[in-house]
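First comes the structure, then the notes that go with it.
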Amino acid sequence: MEAIHRVLPEGLPVSLQVVIATLVLGVIYSLITADRPFAGFPVVALEGKSPKKSWLWHGRESIAEGLQRFSGPFQVMTGTGPKIVLPNRFADEIRNHPSLNFNKSFAKDFMVNYPGFEPHRLGLNDDHLIQETVRVKLTQSLNLVTNDLVDETSASLYDVFGDNKEWNTRLIRDDILEVVARLSSRVFLGKDLCRNRRWLEIAKDYTVDSFLVSRIMRAVPAMLRPLVYILIPQSRSLIRAVRDARKLINPEVQRRKAVVDAAHAAGEKAPKVADTIGWMYEVAKGADADYVAGQLSLTMAAIHTTTETTCSALLDICEYPDVAQQLREEIIQVISENGWAKTSLYKLKLMDSFLKEGQRVRPMGTSTMNRYVEKDMELSDGTILPKGSRIMVASNFMDPTIYPAPEKFDAARFLKMRQQPGQENSWQFVTTSPAHTLFGHGQHACPGRFFASNEVKIALCHLLLKYEWRFVPDEGRPAARIFEAVNGVDPKSKVQIRRRVAEFDLDNY
C-alpha cells in the first residue's frame, strides 16, 4: 500500500487514494490467483487478441479456430478460468459419464453466492426439486396444459399486437418476451398471477438482469467482482425481484398447503393440480423447499430459451416468406381437422422441421454439454481430462456428411430425414444427438424441451394465422448479439407486422 501511495499525485483525497489502491491491489491479486491454463491442452487466441478477449467477444470464432487448428481437445480462457473444448466426436462418450458433474460446471459462471442469485443457487446446488417437477410432473401433464396455453396465447397476442391491419414496426424481442412470460407463467403459476403486472416484470427482467450481471462480472477480475456487483444497477433489481416474488408467491403456496393439509386431515385425496406450484409441493413431499427460488429458476430457464427460439423463428419467417404460407397450410390442415387434440402438435411436422433447421443454421450456442470433471478421466483417444477442469463439447451443425448443402436453409430438411426408413423419431425438434445438441445430449439434456416445443408451436400457430411478418423495408435481418459462444436476438431488433384475416377462428376451435 505504501508503494502505491508513493506513486500517486500529492493532494488526492484519502478516499480516492483508497479506491485507487484497492483497484490496483485487486488487479495484482487477480493476476496472481487467476486460473491457469491446463498443461497439455493448446490455448486458442485469435490474431491480435488475448485468449480471454478472444473468448469473451469472439467465442464462436475461437471454437471454429480451435477445431480447424487442432485435431483433439483444446482450451479457451473464459472470464472464470479455462474450459476445455472437446470435438463433437466425444459427445456420446461423455454424455452420461459418472466422473462428470453437470451442475458444478456452471457454478463459477453464475455468481450463485451473491444476493439475488438464489434461483441460480437452487438450480445448481440442489436441482432435485426443479428436475423432478419438470421431467416428471410437467412433461407427463403436457396434454392437461394445452388448453391453458392456447387460451393465454389468444389473450396475450391481442394485448401485445392488437388488430392493426396496417404495417407497424415492433421491437420483436420485447413483444415475444411478454407473450412467452405470460404463457409460461400461466402453466407455472395459474391464470391470476400470470397476468399480474409485477410478476410479469419480474419474470421478464430477472432472466435478462441475472444473465447481464453474470456476464459483466465474468468480464472483470475476480477480486473486483464484489465492488462491481455493488455498482451494477441490475444487482439491486435482482434483490428486489426475489423479494417481491416472495410477496406474490408465498401466500399462494401457503393457501395450497392449507388445502392439501385439510384434505389429508379429512382422510381425503388432495385435489389434482395442473401448475408447478402444486407439482413442486408434491415433489417436495412435505420437506422444506424454497418454492419462490424454484419458480424463478423455472421461469428463467423457460423464458430465456423459448423467447430466443420464437424470435429466431419469426426472423426466419421474414427471411424466407415462402415458408410462411407452407406452414399456414399445415396449421390449417392439422388444427381444422383435429383441433388441439393430443396428437395435433406432433402432426405439425413441417413446423417441427422448420424450428430445428432454424436452430441448426443459427444456433443459440456453438458449444454445449458443459461438465465439471470430478476425477481424472481418460477419453478414448488417450487424452486425460484433469480433475477440477470444466469441459464443453463443440456443436456439429454444419457437417456436410450429415447435412447436405449445410449452408442452405431448408425448412423441410428434417421432415425429409424423418421420412427415411427407421428415422421417424430420430430428427424431431426435441430429439438430441451429437449432430444436433440444441438441448444438450444425454441424461442432462434439457428436461423442459417438450414443454418448450409445445409452447412455441402453439404460439406460432396463432402468430402465423393472425399476422403477416416482414423485415423493416431496406433494413434486412437484424444482426445478432453475440457474447462468448452464445448467439442471441438483439433487444433492438425490429420487424414489421400487420393483422391478417385468419382462415379459421383459432380462439374458439
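The values are calculated or read from the model by the stated rules, or taken from the named source; none is laboratory data. Because the structure is predicted, anything quoted here is derived from the model rather than measured. FYI the Cβ positions are ideal-geometry reconstructions off the backbone, even for glycines, and counts take in every protein chain you see. SASA here: full protein model, heavy atoms, side chains in, ligands and nucleic acids out. Shrake-Rupley method; radii C 1.70, N 1.55, O 1.52, S 1.80 Å.
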Conditions (1) open to solvent by less than 20 Å² (accessible area, probe 1.4 Å); (2) at pLDDT 90 or above; number of the one not met by Lys247: (1)
Sole exception among (1) of a type outside the set (A, V, I, L, M, F, W, C); (2) in contact with a strand residue (DSSP E or B) (Cβ under 7 Å, 6 or more places away or on another chain); (3) in a loop (DSSP other than H, G, I, E, B); (4) closer than 20 Å to Leu100 by Cα for Lys375, by number: (2)
Qualifying position, being on the phi > 0 side of the Ramachandran plot and among the charged types (D, E, K, R), among Lys257, Lys347, Lys285, Lys272: Lys285
Among (1) touching a residue at least 40 places away in the same chain (Cβ under 8 Å); (2) within 24 Å of Thr309 (Cβ to Cβ); (3) in contact with an Asp or Glu (Cβ under 9 Å, 6 or more places away or on another chain) - the single one Ile130 does not satisfy: (3)
Qualifying residues in the range 263-274 (those that are open to solvent by less than 60 Å² (accessible area, probe 1.4 Å) and out of contact with any helix residue (DSSP H, G or I) (no Cβ under 6 Å at 6 or more places or on another chain)) - the one farthest from Lys137 (Cα to Cα): Ala263
All strands (runs of 3 or more DSSP E) inside the range 448-509 with 1 or more residues being of a type in the set (S, T, N, Q) and touching a strand residue (DSSP E or B) at 6+ places or on another chain (Cβ under 7 Å): 486-489, 494-499
Selected residue (criterion: modelled with the lowest pLDDT) from residues of the range 206-237 that are of a type outside the set (Ser, Thr, Tyr), under 18 Å from the mean Cα position of the chain (by Cα) and more than 22 Å from Lys53 (Cα to Cα): Val208
Some residue of the range 343-356 being among the charged types (D, E, K, R), in a helix (DSSP H, G or I) and open to solvent by less than 40 Å² (accessible area, probe 1.4 Å): yes
Some residue of the range 457-470 being among the hydrophobic types (A, V, I, L, M, F, W, C), open to solvent by less than 30 Å² (accessible area, probe 1.4 Å) and modelled with pLDDT under 95: no
Pairs with Cβ under 9 Å, 6+ apart, first in the range 34-54 and in contact (Cβ under 8 Å) with a residue 60 or more places away in the chain and within 10 Å of Phe74 (Cα to Cα), second assigned to a helix (DSSP H, G or I) and of a type in the set (A, V, I, L, M): none
Failed criterion for Trp167 (all others in (1) of a type in the set (A, V, I, L, M, F, W, C); (2) buried (at least 20 other Cβ atoms within 10 Å of the Cβ); (3) in contact with a strand residue (DSSP E or B) (Cβ under 7 Å, 6 or more places away or on another chain) hold): (2)
Val220 vs. criteria in contact with a Phe, Trp or Tyr (Cβ under 9 Å, 6 or more places away or on another chain), part of a loop (DSSP other than H, G, I, E, B) and buried (at least 16 other Cβ atoms within 10 Å of the Cβ): no
